[in-house]
Structures are given as structure tokens and as C-alpha cells.
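The values are calculated or read from the model by the stated rules, or taken from the named source; none is laboratory data. From a predicted model like this one, the values you see are computed outputs, not experimental measurements. Note that we place each Cβ from the backbone using ideal geometry, even for glycine, and neighbour counts take in every protein chain shown. When the accessible area is computed, the model is the full protein with side chains, heavy atoms only, and any ligands, DNA or RNA have been set aside. Shrake-Rupley method; radii C 1.70, N 1.55, O 1.52, S 1.80 Å.
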Amino acid sequence: MSSKKKYAKESCVTKTELVLPNDTNTLNNLMGGRLMHWMDIVSAISAQKHSNRIVVTASVDNVSFKKAIRLGNVVTLKAHVTRSFNSSMEVAIEVWAEDIPLGQRIESNQAFFTFVAVDQLGKPVDVPELVPETDKEKQLYQGALRRRQLRLVLAKRMAPEDAKELKSIFNMT
Ligand SMILES: CC(C)(COP(=O)(O)OP(=O)(O)OC[C@H]1O[C@@H](n2cnc3c(N)ncnc32)[C@H](O)[C@@H]1OP(=O)(O)O)[C@@H](O)C(=O)NCCC(=O)NCCS
């Protein structure tokens, strides 16, 4: 990790989209793939703002869609970096939809994306340390190490016995 430090709020990115006919399936609901595309873009920009580097998507944690988002809804996506490690950063993203004429707001989903900062040759490079300030940012920061170990174990990039934060989950001694 580089010696530089940055606040979580410096990586905040918000994107708003209007769901148009070309974004929907035959039921007039927003297609999941289109939403994932928007989520990837907004969270990548957030990781770029933290690292001031080119970033690549390394992984996306489980994403589930709670409620359908309808044609004509306005979708808001909000992302910020929760924690950085060496070259990688975890980004939390929240998505909600609004039916503005009806005055209704739907909580759609939340997800964690992991990005890796790379140089022009695609080689990972160190990123600044993240400093959480608010209670929510501190809570996300604390959980990020556990989530990192879980995703690296699932990706077979870490041996379960090395995942010290997961001992209670896997009941290891
Ligand atoms: C992500 C990538 C740069 C990692 O490169 P690598 O040579 O395997 O590098 P390393 O093993 O040194 O890992 C670098 C970092 O990536 C993280 N990482 C690698 N795979 C990961 C995964 N599946 N989930 C989360 N983090 C991952 C490592 O934990 C490490 O983080 P750290 O530096 O903070 O400790 C490389 O796998 C890559 O370019 N993947 C393709 C990315 C891409 O094209 N995305 C778009 C998909 S279409």
C-alpha cells in the first residue's frame, strides 16, 4: 500500500439514469445486465477517484435483485470505496429506483465490487490507504477484511486456513 491516505468521501460517486425502452425486457422491467453495467461503471469511477489509476474489475460479490425496476423509473447508484489493501479496493454500491410521478422509492440492491489498480501494462500497483470517518464508513471498513478473505477463498486465491478472519464462520481452531 502507498504511504498516501485518502478519505472515503473523496471516492463518492453518484449516477442517475432514466429507464428507457431500450433498457427493458418484454415485461417493461429494467434488464439485470443493464443495471450491472451501470453498477460496474459507477464503482469503477469511484475506485479510480481513490487510486488516481486505471482500474480493472477483479470480482463482484453476490448481487440479487429484490424488486423489479420499471420503465420510466429513475435509478440512482451511489458508490464509495470502503477499504483499500495493496493494489485492490473494495467498493460498496447502493441502488434505488424512484417513480417520481407516484412519489415512490424502491430500494433495489447493494453490492460490493473489487477493483485492482494497474499500470499501462496491466500490472497491479499500490493504492492509497483509505481513512473511514463516519460510523457507517468505519463499520464497512471493519467488515471489508472478512469479505476480502471470503472472496479470495471462494476464488481459490487464498487457502481457507490462511483466512484468519473467517475462523468463526468455518469453525476452524
Ligand atoms: C485482477 C488482476 C489485475 C489481478 O492480477 P494478478 O496478476 O493475479 O495479481 P495478484 O495476484 O498480485 O493480485 C493483485 C490483487 O488482486 C486481488 N485479486 C485477484 N483476484 C481477485 C479476486 N478474484 N477477487 C478479489 N480480489 C482479487 C488480489 O487479492 C490482490 O490484491 P492486493 O494487491 O490488494 O493484495 C488480473 O487477474 C486481471 O487483470 N484480471 C482481469 C480483469 C478484467 O479484465 N476485468 C474485467 C472483466 S471483463
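May I ask for the net charge around Arg34, where only other residues with Cβ less than 15 Å from the Cβ of Arg34 are counted and Lys, Arg are +1 while Asp, Glu are -1?
Net of charged neighbours comes to -1.
Spelling out what I want: for every residue of the stretch 142-154, take phi, set θ = phi - 60°, compute 6.51 cos²θ - 1.76 cosθ + 1.60 (Karplus), and round to whole Hz; glycine and proline get x.
5, x, 5, 5, 5, 5, 4, 5, 4, 6, 6, 5, 5
What are the ³J(HN,Hα) values, in whole Hz, obtained from phi via the Karplus relation 6.51 cos²θ - 1.76 cosθ + 1.60 with θ = phi - 60°, for each residue of the stretch 50-66 in sequence order, with x given for Gly and Pro?
6, 9, 6, 9, 5, 10, 10, 6, 9, 7, 10, 6, 3, 10, 10, 9, 6
When the helices in the chain are scored as -39500 (n - 2.57) per DSSP H run of 4 or longer and the sum is shared across all residues, what 222 nm value do you end up with, to the nearest 500 deg cm²/dmol?
One gets -8500 deg cm²/dmol as the mean residue ellipticity at 222 nm.
Looking at the stretch 40-79, which trypsin sites (Lys or Arg not before Pro) are DSSP coil and have at most 12 other C-beta atoms within 10 Å of their C-beta?
Qualifying residues, ordered by number: Lys66, Lys67.
Amide H of Ala58 versus every other amide H placed in the peptide plane: which residues, excluding those fewer than 5 positions away on the same chain, fall under 5 Å?
Sorted by chain and number, the residues that satisfy this are Thr114, Phe115, Val116.
Of all the accessible heavy-atom surface of the chain, with the other protein chains kept in place and a 1.4 Å probe, what percent is carbon and sulfur?
52
Quick one: which of 134-142, 86-94, 36-44 comes out on top by average Cβ neighbours within 10 Å, and what's the full order, highest first?
86-94, 36-44, 134-142
Enter the accessible area per residue of the stretch 42-173 (Å², integer; probe 1.4 Å; all protein chains in place). All intermediate terms of the calculation are to be shown ahead of the outcome.
Details: 7460 Å² over 132 residues.
Per residue, the stretch 42-173 has an accessible area of 57 Å².
If you plug each phi of the stretch 29-44 into the Karplus form 6.51 cos²θ - 1.76 cosθ + 1.60 with θ = phi - 60°, what whole-Hz ³J(HN,Hα) values come out, in order, with x for Gly and Pro?
So the Karplus estimates, Gly and Pro as x, are 9, 4, 6, x, x, 5, 5, 4, 5, 4, 5, 4, 5, 5, 6, 5 Hz.
Count the net charge of all other residues whose Cβ sits under 13 Å from the Cβ of Val118, scoring Lys and Arg as +1 and Asp and Glu as -1.
0
Long-range amide H contacts for Ser2: which residues qualify at under 5 Å (H placed 1.01 Å from N, peptide plane, sequence gap of 5 or more or a different chain)?
Val127, Glu129
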